[in-house]
Structures are given as C-alpha cells and as structure tokens.
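Reading through the structure tokens given below for one structure.
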Amino acid sequence: MSTYEDRLNALREQLKADRLDGFVVPLTDEHMSEYVGSYAQRLAWLTGFQGSAGSAVVLPEEAAIFVDGRYTLQVRDQVDGNFWSYQSVPQTSIADWLKEHAPSGGRIGYDPWLHTRDWVNKAKEALADKGAELVAVGRNPIDQVWADRPEPSRARLIVHPDAYAGESSAAKRQKMADWLKEQKADAAVLAALDSTAWTFNVRGKDVDRTPVALSFALVRDDGTADLFVASEKIGDDVRQHLGNGVRIHERSAFEGALAEFAGKTIAVDPERSVAAIFEALDKAGAHIVPRRDPAVLPKAIKNPVEISGHRAAQARDGAALSRFLHWLSIEAPKGGVDELSAAAKLQEFRQQGGDLRDLSFDTISGAGPNGAVVHYRVSDETNRPLEMDQIYLVDSGGQYPDGTTDVTRTVIVGTPTAEMKDRFTRVLQGHIAVARAVFPEGTRGGQLDSFARQFLWNAGLDYAHGTGHGVGSFLAVHEGPQRIAPPNSGQAGGDEPLQPGMFLSNEPGYYKTGEYGMRVENLVLVVEVEIEGAEKKMLGFETLTFAPIERRLIDTGLLSADERKWVDDYHAQVLAIVGPQLEGEARAWLERQCAPL
C-alpha cells in the first residue's frame with residue numbers, strides 16, 4: 001500500500017470487518033516506551049508522523065492526530081490535513097475528543113497492550129456519556145493491514161559490566177526484595193525496557209538510539225527473578241552473567257506466567273505497565289498493589305561509578321562537538337554545508353572520539369526556519385543549506401558504554417541581527433539561572449522551571465517545551481521520574497523531588513516560526529551545596545557538558561556581572577577539559593571561543 005490515504009482506507013475496512021466504529025492508535029509499545037522498535041511504529045506507518053510522541057483516533061468518517069507543543073509545526077508538515085484534524089495536547093485529550101466525536105452507541109477499539117489502565121478507565125468514562133463502549137481487541141487491526149510490518153528485533157543482549165554499572169544485578173535485586181517485604185508483596189512486575197536493562201545489568205539493540213532489549217521481568221521477594229525474553233537473544237555470556245538467581249523464559253510466556261499469582265500479592269506500576277497486565281492479574285485472582293516500579297528511582301539516582309563514567313563520556317563527547325563546531329566555522333561560510341551533511345559530519349567526529357555505540361537520538365540539525373521546529377528531524381525532503389546570516393541549531397548526543405549525552409548548541413553563520421542577539425542572550429540568562437540555582441532538599445523540578453523562562457517572559461516571549469528531562473546511564477536519553485517542566489504541562493515528573501545523583505538537562509529555548517530556533521542545552525548533576533550557616537540541606541547543580549557557547553550571539557550589555565562571570569568560568573572549564581584533546585587549528589579556535597567575554 002503506497003499512500004497514507006490507502007492505509008487509512010484499509011484500516012477503516014478492517015475496522016468494519018471487526019465490527020468496530022473506531023480505533024485508537026498510540027505511539028508506544030507493550031512496555032509504554034517513548035522510543036519504540038520499528039515493529040511498533042504503527043502511528044508513523046498510518047499517518048506519516050515522525051515525532052516521538054503522539055496518538056491518533058480513526059472513526060468511519062473522520063480522523064484526528066494528537067500532539068503536544070513540540071510537534072505543532074512538524075505534524076502539519078508530515079500529516080495530510082485533508083484526512084486528519086490536528087489536535088493539541090494537553091488542551092484536548094483523546095477522551096474529550098471521543099466524547100464529542102464518537103458515534104452514539106458506537107464500539108471504539110483499543111489494544112490493551114498499548115495503553116495504561118488509567119487511560120482505559122478515563123476513555124470508558126468519556127464514552128459512557130455517549131452510550132458508546134471501549135472494546136479491547138485481541139489483535140491490533142493495524143497489524144492486520146500492515147503487510148510488510150517488520151519483525152521485532154532478534155539482536156542479542158549485551159552484558160553491561162559492573163565496572164560501568166557500579167552495582168551488581170544481584171545487589172539491585174536484593175534491595176528490591178527488601179522493598180517487596182516492606183510492601184508485603186510477593187513479587188513486582190518490571191515492564192519498562194530501561195528498568196529490566198538496569199536491574200539485570202544488560203543492554204540490547206532492539207530500539208534505535210536506546211540500548212534496551214524487548215523483555216518483561218518479575219522480581220521476587222527472595223531476590224530471584226524471572227526474565228521473559230526471546231531465547232534466541234540470550235548467549236552463553238549473558239546466561240552466565242545472569243546466574244542461577246534469574247530464570248529465563250520466552251517473552252511470549254509472560255502473560256501466561258501472571259496466572260500463577262492467584263491469591264498472591266504483586267506490585268504493578270500503573271504508569272509503566274499496560275492495561276493487559278492488570279487484566280491478566282485480575283483474571284488470575286491476584287491481589288494487585290499499585291506501586292512505582294522499584295527500579296525507577298534507584299536508576300535515576302546515579303551511583304559514583306555511573307557519575308564518573310558519565311564525566312568521562314562527556315569529556316570525549318565535548319571534544320567531538322568542539323571539533324565539529326570548529327569545522328563548521330570554516331566550512332559553513334563557504335556554502336555547500338546542509339543539514340544532512342552537518343549531522344553526518346558531527347556523527348563522524350563522535351565516532352572518531354572512541355567507543356560510540358549509537359547516537360542517543362536522531363540529531364536535530366535545523367538551519368534557519370527548520371530550527372524553529374522544536375523536535376525537527378531532517379530528511380531528504382526538508383534538507384536545507386546553512387546560509388549566511390542565518391542561525392543553525394544542532395541538538396545531538398551519543399550512547400557510550402560509560403554514559404549517555406545530550407547537548408544543544410546554536411550557531412550563527414555570518415552576522416546576527418540585534419533581535420537574534422537579544423533572544424539568544426535571554427535564553428542564555430535562563431540557562432545560567434538554572435545552572436546557578438540553589439534550592440532546599442525536597443524541591444520539585446516544576447518549582448525551578450520559571451527560573452529558565454523569566455528573561456523571555458520579561459520580553460513577552462516563551463517556549464512550548466519543558467526545561468529539563470532526566471537522562472539514563474547508557475540508557476534512555478529521556479528518563480524519569482524527574483524533570484523540569486511547568487506545573488500542569490501534561491508532562492509527568494515535574495512534581496518529583498530532585499535528589500543528589502540525578503542527571504537533568506538544562507535547555508531553555510526560543511523559536512520564531514518561519515525564521516529561526518535557538519536553544520542552549522547542557523546536562524547537569526544534582527549535588528549537595530555547602531552554605532555557611534544554612535539551616536537546612538541545600539542542593540544545586542554541577543554542569544556536566546563542556547563545549548563552547550556561541551559568543552557572537554551574546555549581547556554582553558544584557559548580562560549582569562555574575563552572569564558574565566558564569567560564562568567566563570564555564571568557558572575556562574571547557575578549555576581545561578576539552579583543550580588537551582584538541583591540537584593545531586582546532587585548539588587555537590577553541591582558545592578564541594573560550595577567551596573571557
């Protein structure tokens with residue numbers, strides 16, 4: 001089937017055959033993942049949307065696609081408005097839309113392996129007002145019409161050595177067992193892919209850009225565990241690494257294994273486990289305690305080994321990015337550099353830096369107006385040249401065995417306008433305000449979000465994304481539970497207290513539709529701050545990312561003396577960490593970029 005119109009028609013025919021009046025299509029997999037394997041890219045196959053978050057509803061006569069503020073421009077470029085209406089989240093939820101648009105008395109289908117129980121309950125409630133019902137499907141209708149749907153990856157699991165992990169899998173499972181006893185539970189379900197990877201100290205190649213393996217797990221109150229993963233994916237090295245405390249089963253046996261919990265107590269995470277898991281346990285007669293997956297918080301609070309590994313990865317990554325920025329300063333003004341060739345060159349520098357396993361996400365390489373598309377993804381169709389007197393935004397990262405990086409730099413090719421300098425400086429001031437923030441223990445990320453926006457707000461400006469997300473350790477580049485985002489933004493995690501050892505991004509931005517986008521992003525580590533005479537435990541951030549910030553875009557007149565000092569101190573650190581890794585022209589260029597303002 002060639003066109004998206006054909007695919008939509010084929011799905012509608014299938015729904016008719018299945019006696020359904022509609023179907024909900026989320027962008028996720030059986031593990032509630034943000035980034036999914038190619039076999040689970042149902043939303044992209046159906047609509048053409050290439051973003052990392054969204055969902056759709058198909059009814060007999062109309063269809064809608066739901067995205068948040070990051071994708072407002074992108075969805076209009078990629079999804080045909082003749083067949084799809086564009087809906088903004090969180091302003092309009094799928095449940096609200098169905099309440100208005102579902103046929104009364106209709107049957108709306110959903111795949112119980114792709115939604116949380118909470119979502120199912122809300123959607124059922126909304127449809128009940130219409131006399132319509134939500135119907136769980138046994139087989140996803142998209143899979144029935146998607147003729148060349150890829151198979152799930154068969155790549156083998158990789159051992160993630162304790163030298164990088166900093167703690168053995170047995171020790172992690174023992175802590176979970178102690179927690180289960182406190183909860184008076186017999187076992188816990190681990191459904192999130194990064195939770196199983198972290199708990200068992202394994203990694204995989206089943207999702208592009210995120211080193212995880214398709215698997216489920218049950219951790220028991222005696223510290224043993226059951227890992228459900230396709231047997232062809234397990235080599236002798238992994239079997240030996242897992243040891244006797246881990247029983248290995250086929251991934252397909254997971255649902256059936258839940259039947260053994262009749263009369264037993266099991267902890268299940270309502271946010272990270274799909275409705276089908278709850279249904280199978282309910283049917284078995286298990287006693288379910290809804291609790292956060294016990295890997296989530298310890299995974300987010302990095303141990304000293306993970307922190308020092310991350311610093312080493314950042315030093316190599318900063319050198320690769322600095323070499324690229326030096327190359328760009330020479331090549332871009334000549335012409336002949338475009339978004340695709342720039343992204344390829346940056347990847348080449350990262351590969352030369354050593355031990356790069358993958359990128360941590362598809363590089364956002366946006367010239368001029370494409371930079372204003374927050375999560376822009378360059379393709380042959382959208383590729384633009386880098387032109388004189390235009391802004392270029394590059395947001396990129398690497399997956400290294402010792403750490404995951406994520407960094408954005410904004411560059412001017414040629415000469416900036418006064419407006420560009422003003423906007424960039426306000427973004428930089430917000431970045432500095434977060435970097436320098438000092439706050440009492442117990443502070444939530446949401447309480448710090450306005451630190452980053454205040455200078456833009458003063459000029460009547462803002463940006464439509466969060467200010468910071470958690471980052472994994474050779475794992476997901478977007479990791480919970482913490483984040484820095486406005487309260488009520490519809491983005492989970494802004495209410496999580498920040499704790500020492502957590503990584504976050506610090507990435508305010510500004511986007512002028514049709515003209516340019518700018519963002520300054522470094523990763524930071526939450527640390528304890530010593531303050532003389534302090535009456536409570538205070539926390540702050542240590543910056544972890546080192547690469548020069550575009551000085552030609554800074555209006556120094558807008559900066560306070562403290563802000564100027566922060567920039568100079570930061571650049572002195574860049575020179576100390578990255579400088580020794582560069583030589584010749586690149587080193588001389590870096591020294592110029594890092595000279596005091």
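Yes/no per residue for (1) closer than 25 Å to L321 by Cβ; (2) within 14 Å of the chain's Cα centre (by Cα):
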residue	(1), (2)
T410	yes, no
I432	yes, no
F439	no, no
R444	no, no
Q447	no, no
L461	no, no
V471	yes, yes
R483	yes, yes
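For the stretch 454-468, the count of residues that are part of a loop (DSSP other than H, G, I, E, B) and of a type in the set (F, W, Y) is at least one. Checking E339 against (1) at pLDDT 95 or above; (2) open to solvent by 20 Å² or more (accessible area, probe 1.4 Å); (3) charged (D, E, K, R): exactly one of these is not met. Which one? Checking E339 against (1) at pLDDT 95 or above; (2) open to solvent by 20 Å² or more (accessible area, probe 1.4 Å); (3) charged (D, E, K, R), the one that fails is (2). In the set (1) open to solvent by less than 50 Å² (accessible area, probe 1.4 Å); (2) touching a helix residue (DSSP H, G or I) at 6+ places or on another chain (Cβ under 6 Å), M538 fails one condition alone, (2). Closer than 25 Å to I307 by Cβ, touching a residue at least 12 places away in the same chain (Cβ under 8 Å) and buried (at least 17 other Cβ atoms within 10 Å of the Cβ) - does that describe any residue in the stretch 236-245? Yes: the stretch 236-245 contains one or more residues that are closer than 25 Å to I307 by Cβ, touching a residue at least 12 places away in the same chain (Cβ under 8 Å) and buried (at least 17 other Cβ atoms within 10 Å of the Cβ). Annotation: of all residues in the stretch 225-267 being touching a Lys or Arg at 6+ places or on another chain (Cβ under 8 Å) and of a type in the set (D, E), the one that is nearest to A280 (Cα to Cα) is D226.
Being open to solvent by 20 Å² or more (accessible area, probe 1.4 Å), touching a residue at least 12 places away in the same chain (Cβ under 8 Å), on the phi > 0 side of the Ramachandran plot and over 18 Å from the mean Cα position of the chain (by Cα) is a condition met by at least one residue of the stretch 12-20.
For first residues located in the stretch 555-566 and in contact (Cβ under 8 Å) with a residue 24 or more places away in the chain, partners that are part of a helix (DSSP H, G or I) and open to solvent by 60 Å² or more (accessible area, probe 1.4 Å) and lie 6+ apart or on another chain with Cβ distances below 7 Å form the pairs D555/K421; T556/R564.
With respect to (1) within 23 Å of P486 (Cα to Cα); (2) open to solvent by 60 Å² or more (accessible area, probe 1.4 Å); (3) in a helix (DSSP H, G or I), the lone exception for P90 is condition (3). When the residues of the stretch 53-87 are filtered to those that are buried (at least 17 other Cβ atoms within 10 Å of the Cβ), of a type outside the set (F, W, Y) and assigned to a loop (DSSP other than H, G, I, E, B), the one that is farthest from the chain's Cα centre (by Cα) is L59. Any residue that is farther than 30 Å from H160 by Cβ and touching a residue at least 40 places away in the same chain (Cβ under 8 Å) - is there at least one of those in the stretch 501-509? Scanning the stretch 501-509 turns up at least one residue that is farther than 30 Å from H160 by Cβ and touching a residue at least 40 places away in the same chain (Cβ under 8 Å).
The C-beta contact set for the stretch 270-284 (first residue under 15 Å from G138 (Cα atoms), second residue open to solvent by 20 Å² or more (accessible area, probe 1.4 Å) and among the basic types (K, R), distance under 9 angstrom, 6+ apart or interchain) comprises V274/R117; A275/R117; I277/R117; E279/R117.
In the condition set (1) under 27 Å from L582 (Cα atoms); (2) assigned to a loop (DSSP other than H, G, I, E, B), Q351 is compliant with all but (2). Considering (1) assigned to a helix (DSSP H, G or I); (2) crowded, with 21+ Cβ neighbours inside 10 Å, the lone condition that Y511 does not fulfil carries the number (1).
The values are calculated or read from the model by the stated rules, or taken from the named source; none is laboratory data. A quick note: this is a predicted structure, and the numbers were derived from the prediction, not measured. Here Cβ is always computed from backbone atoms with ideal geometry, including for glycine, and neighbour counts include all displayed protein chains. The area values use the complete protein model at the heavy-atom level, side chains included, leaving out ligands, DNA and RNA. Shrake-Rupley method; radii C 1.70, N 1.55, O 1.52, S 1.80 Å.
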